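Quick notes on the structure that follows.
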Amino acid sequence: MSDKKNATIAVRGGINTDKHHGAVVAPIHLSSTYSLKGLNDKRQFDYSRTGNPTRSTFGQAIADLEKGAVGVVTSTGMAAVHLICQLLSVNDTIVIPHDCYGGSYRLFTHLAKRGQFKLIIVDQDDEQALQQALDQKPKLVLIETPSNPLLRIVDISKICQKSHQAGALVAVDNTFLSPILQQPLTLGADIVFHSTTKYINGHSDVVGGVLVTKDVAIGEELAWWANCIGITGSAFDSYLALRGLKTLPVRIKQHQANADQVAAFLQENTAIEKVYYPGFITHPNHNVAKKQQESAGGMLSFEIKGGIAAVEKLFANLTLFTLAQSLGGVESLISHPSTMTHASMEHSAQIEAGITESLVRISVGIEDIDDIIADLAQGLVASQRQ
Ligand code: PLP
């Protein structure tokens, strides 16, 4: 494990690792296969699905940032989520939050319907409901904090403690913050995972995932499954994500500075009913966020006055923001969770999770803050026109 600070680890990932030519930046190894030195005399890598130097460098960099033992790089964030399911057998139970990312919700509910494991969906901030779920002796508890799209915060240390007491492992989706702002393994979690499609790559040109384990044996088991199923990330995507990683600490600083200002602006805007942002002192779990996060993060969501008609007018009038799924790229994106990222959740599940048709989610980019706010200001005025 590296003893360097995270801003250093992010920049230095793969630097000076090329022994042959002294390339400063880690080379990209596209070869699908590697020669053996002789019969039964393998090198470190033999076949790229199993292991690839570029992917390995990227996985190690994320493992170092997350303070874990093993990093497994997957082809998508959902592949990382699915990989965790390999730890579960038919009679095992997994507990997930009622307001997790729609794709994760879809995967868990559909696999449970097919009988691959037992599923309990709870509001993890409801201590009684969580305890009832833990009384069922689950094998795994999945946490997503801040949650997508409502930026709810749960106490990672507390849930880890209770889950471990119940004999469960804990896996945390850290996509919304990145290891620069939160390191769940240091708070007691066993596994942390990311959609690297988001902040880690940061340029909206890679779809990828990664998971990091605290324990070597669990990491090796998951790496074994990743190879077995064939969901390891490509060399090219690993190269791009490693490249993106180098600027993650500075990007996050700018995302954060801009998000703070956007949140304050929205809070005062008369077209807005409610803003969800963990940086507000009035956020129900602001103190937990303060304890476990470096800062609030670059994501926020809000309820607009005027329902779906106002949402439509807002989107039609924005010129800087792009209406698109995803988040964490340098560009500002806006989305409508109930018809986009969370469309795969049934209407009743959306309502239970608090996802209404008036809810809008923003991934605050790193453009000039004046331009971001000017665009939102004119879009919100247009949203309230009859
Ligand atoms: N986890 C969270 C919080 C997400 O927002 C997403 C995608 O939006 C995923 C996981 C899945 O990642 P991917 O789209 O890379 O498969």
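The values are calculated or read from the model by the stated rules, or taken from the named source; none is laboratory data. Because the structure is predicted, anything quoted here is derived from the model rather than measured. FYI the Cβ positions are ideal-geometry reconstructions off the backbone, even for glycines, and counts take in every protein chain you see. These accessible areas exclude ligands, DNA and RNA; they are computed on the full protein's heavy atoms, side chains included. Shrake-Rupley method; radii C 1.70, N 1.55, O 1.52, S 1.80 Å.
What to note about this one:
- Computed Rg/Rh of the range 249-383, alpha carbon atoms with Kirkwood Rh: 0.95
- Within the chain, percent of DSSP bridges classed antiparallel, to nearest 5: 60 percent
- Taking the empirical scaling 2.2 N^0.38 Å for compact globular proteins as reference, the chain has a Cα radius of gyration ratio of 1.00.
- The average projected area of the range 1-152, computed from the convex hull of its Cα atoms over all directions, is 12.9 nm².
- Pairwise Cα distances in the range 63-128 exceed 18 Å for 46 percent of all pairs.
- If R0 is taken as 45 Å, the Cβ-Cβ distance between residue 203 and residue 39 corresponds to a FRET efficiency of 0.55.
- In units of the rule-of-thumb radius 2.2 N^0.38 Å, the range 147-286 shows an alpha carbon radius of gyration of 1.21.
- The C-alpha atoms of the chain define a longest principal axis, and helix 307-317 lies at about 70 degrees to it.
- Stretchable slack from residue 273 to residue 386, in nm (0.36 nm times residue separation minus alpha-carbon distance): 38.9 nm
- Largest first and in whole Å, the equivalent-ellipsoid semi-axes of the range 231-296 read 32, 15, 12, each the square root of five times a Cα gyration tensor eigenvalue.
- Heavy-atom surface of the chain, accessible at 1.4 Å and reported per residue (Å²): 43 Å²
- Cα long-axis angle, helix 216-229 against the chain (0 to 90 degrees, to the nearest 10): 90 degrees
- Carbon plus sulfur fraction of accessible area for the chain, probe 1.4 Å, in percent: 52 percent
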